[in-house]
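Only one structure is covered here, and it is reproduced in the block below.
Only the coordinates and a few stated rules stand behind these numbers; no lab work does. Note that the structure is a prediction, hence the values are computed from the model and not measured. Cβ atoms come from the backbone with ideal geometry, glycine included; neighbour counts cover every protein chain shown.
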Amino acid sequence: MIPAPFDYEVASSVEHAMELLSAGGDGAKLLAGGHSLIPLMKLRFARPTLLVDIARMGSLSYIRDGGDHVAIGACTRHADVHHSELLAEANPMLALVAGLIGDPQVRHKGTIGGSVAHGDPASDLPTALVALDATLVAQGAGGTRTIPAGDFFTGIFTTALGAGEILTEVRVPRLDASTGWSYLKFNRRAQDWAIVSAAAVVRRSNGTAESARVALGNMGTAPVRARGTEEAITGAGRDAIAAAAARAAEGTDPPADTNAGPDYRRHLAQVLAGRALEAAFG
Ligand code: FAD
């Protein structure tokens with residue numbers, strides 16, 4: 001339970017962090033809340049030779065109104081996302097999801113950027129961000145680029161971030177009154193990761209779904225869209241939910257672990273997708 005030796009530097013800006021990462025080479029890693037990286041280091045699954053602390057510089061901790069979206073700095077703690085008055089009004093789904101992560105200690109240390117960059121398919125925020133069609137902002141030696149959340153999570157603990165790139169901001173759309181949403185997480189104990197989770201964002205008009213995005217967590221190596229469900233519910237009303245939910249696990253390859261096997265996960269995906277759609281229809 002004792003990490004291998006490492007050096008530690010505190011970055012004063014994103015540019016400084018990029019310099020430190022570059023000087024540290026392959027062994028350098030960013031440290032944000034440390035609530036995923038430090039446990040891996042204690043188990044010696046991760047052995048960075050240099051940690052570059054970005055959580056103390058302050059400039060990446062903010063929640064701002066961006067007009068049609070809310071911009072959240074990568075080092076913003078889960079607790080601040082959960083309690084944000086701006087998000088409560090503009091995107092209550094993200095505020096709710098942040099409040100379902102771990103326990104109060106985890107939420108007061110863990111950051112939105114760390115959770116997203118870590119790329120754990122069982123994490124709550126990645127699944128919600130895919131359903132919300134969020135945009136991720138990354139800064140690297142080549143400049144700044146934006147990546148749709150749907151393209152960001154490429155595999156287990158793997159993302160579209162390149163070597164030396166830093167995730168700086170998460171942008172979530174402002175949800176209007178015609179948009180219904182739900183995020184449901186099935187776990188054994190309140191503070192655990194999801195055995196399966198489902199997020200639904202439905203744009204409604206006269207009782208039908210004009211568009212729907214349904215994402216599932218822990219049903220593969222990365223968050224997956226339930227495309228069959230989306231197809232079946234788009235243009236249809238509440239009476240189509242059962243048939244749409246029955247297609248939730250189509251094309252998925254869920255993992256087996258001590259909590260659940262693939263068949264049970266497929267069943268959970270169908271149940272949770274149906275309940276999430278019911279809630280999103282209002
Ligand atoms: P760190 O651990 O500091 O970093 C994680 C990884 O991301 C590292 O590889 C780091 O180099 C990289 N990184 C960090 N920031 C950036 C950045 N800005 N740009 C590029 N790379 C970056 N999560 C859930 O979703 N649901 C849960 O129920 C849940 N329960 C938990 C329970 C416990 C007991 C613990 C310890 C953790 C739990 N977590 C859960 C994980 C928690 O949300 C972590 O805070 C989060 O996954 C990682 O955020 P962090 O800021 O701690 O990142």
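Using 0.36 nm per residue and subtracting the Cα-Cα separation, the extra length available between ARG56 and ASP192 on full extension is 46.3 nm.
Share of pairwise Cα-Cα distances greater than 22 Å in segment 18-136 is 34 percent (whole percent). Over the Cα atoms of segment 76-218, the radius of gyration divided by the Kirkwood radius equals 0.96; this is the Rg/Rh ratio. Counting only residues at least eight positions apart within a chain, or on another chain, the lysines with an alpha carbon under 27 Å from that of LYS185 are LYS109. In this label model, SER12 and THR144 are separated by 2.1 nm, measuring between points 7 Å along each Cα→Cβ vector. Which of rounded, prolate, oblate describes segment 7-53, given a ≥ b ≥ c as roots of the alpha-carbon gyration tensor eigenvalues and a/c under 1.5 marking rounded, otherwise prolate only if a/b is larger than b/c? Oblate is the answer for segment 7-53, as a/c is 1.5 or above yet b/c matches or exceeds a/b. Among residues other than GLY114 with Cβ under 14 Å from its Cβ, the summed charge is 0 (Lys and Arg +1, Asp and Glu -1). When a/c is below 1.5 the answer is rounded, else prolate if a/b is larger than b/c, else oblate, so apply that to segment 125-282 with a ≥ b ≥ c taken from the square roots of the Cα gyration tensor eigenvalues. Oblate. Taking Lys and Arg as +1 and Asp and Glu as -1, the other residues whose beta-carbon sits under 10 Å from that of VAL52 total -3.
Scaled against 2.2 N^0.38 Å for its residue count N, the alpha carbon radius of gyration of the chain is 1.00. The H on the amide N of ALA236, modeled in the peptide plane, is under 5 Å from the matching H of ALA209, each at least 5 residues off or on a different chain. Mean separation of Cα pairs under 8 Å and 6 or more residues apart, divided by the residue count, gives the chain a relative contact order of 14 percent. Fully extending the segment from THR154 to THR221 would add 23.3 nm, taking 0.36 nm per residue of separation and subtracting the current Cα-Cα distance.
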